[in-house]
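Input: a single structure, listed below in structure tokens.
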Amino acid sequence: PMLVINHLLYLSIMYNKDFFQVNSDIEWTDLGNGVSRQMLGHDGQMMMVKVKFESGAVGAMHQHPHVQVSYVESGAFELTIGEATKTLRQGDGYFVPPNVLHGCLCIEAGVLIDAFTPAREDFLLQDL
């Protein structure tokens, strides 16, 4: 079923020529507890999402088989990756290898831009 979803998404993107993501046209998904997600470009191989955090919101510790690289668009976050913890602010970024436990605490309301490879199929199913 996941392969079918990937193929359908790819065809949708290619045939609709949905190459551009305009911020004002993309709905936010409320994930609860002060966190919202906006899906940006994706296919089966790659995905980019924007995640908005209110001050004090937590990105619970988790792991996944995807490679993740993230950019702090705004705000301040205390990030934990594996055993390391660091405070990152606007303009900073981080890399998470596959299956490494990671999470964050939002210190100052802000936005993270996350890129994943392969695409997070679980996100696509949640946003249906």
Could you check segment 82-96 and list, in sequence order, the residues that are open to solvent by less than 50 Å² (accessible area, probe 1.4 Å) and at negative phi?
L88, G93, Y94, V96
Considering G56, G91, G44, which residue is in a loop (DSSP other than H, G, I, E, B) and touching a helix residue (DSSP H, G or I) at 6+ places or on another chain (Cβ under 8 Å)?
G44
Unique match (being touching a residue at least 40 places away in the same chain (Cβ under 8 Å), surrounded by fewer than 16 Cβ atoms within 10 Å (Cβ to Cβ), among the charged types (D, E, K, R) and over 20 Å from D30 (Cβ atoms)) among E108, E54
E108
From the residues in segment 59-68 that are part of a strand (DSSP E or B) and crowded, with 18+ Cβ neighbours inside 10 Å, which one is nearest to the chain's Cα centre (by Cα)?
Q68
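The values are calculated or read from the model by the stated rules, or taken from the named source; none is laboratory data. Just so it is clear, the model here is predicted, and its values are computed rather than measured. Positions of Cβ are generated from backbone atoms using ideal geometry, with glycine treated the same way; all protein chains shown enter the neighbour counts. Calculation scope for accessible area: heavy atoms of the full protein, side chains included, ligands and nucleic acids excluded. Shrake-Rupley method; radii C 1.70, N 1.55, O 1.52, S 1.80 Å.
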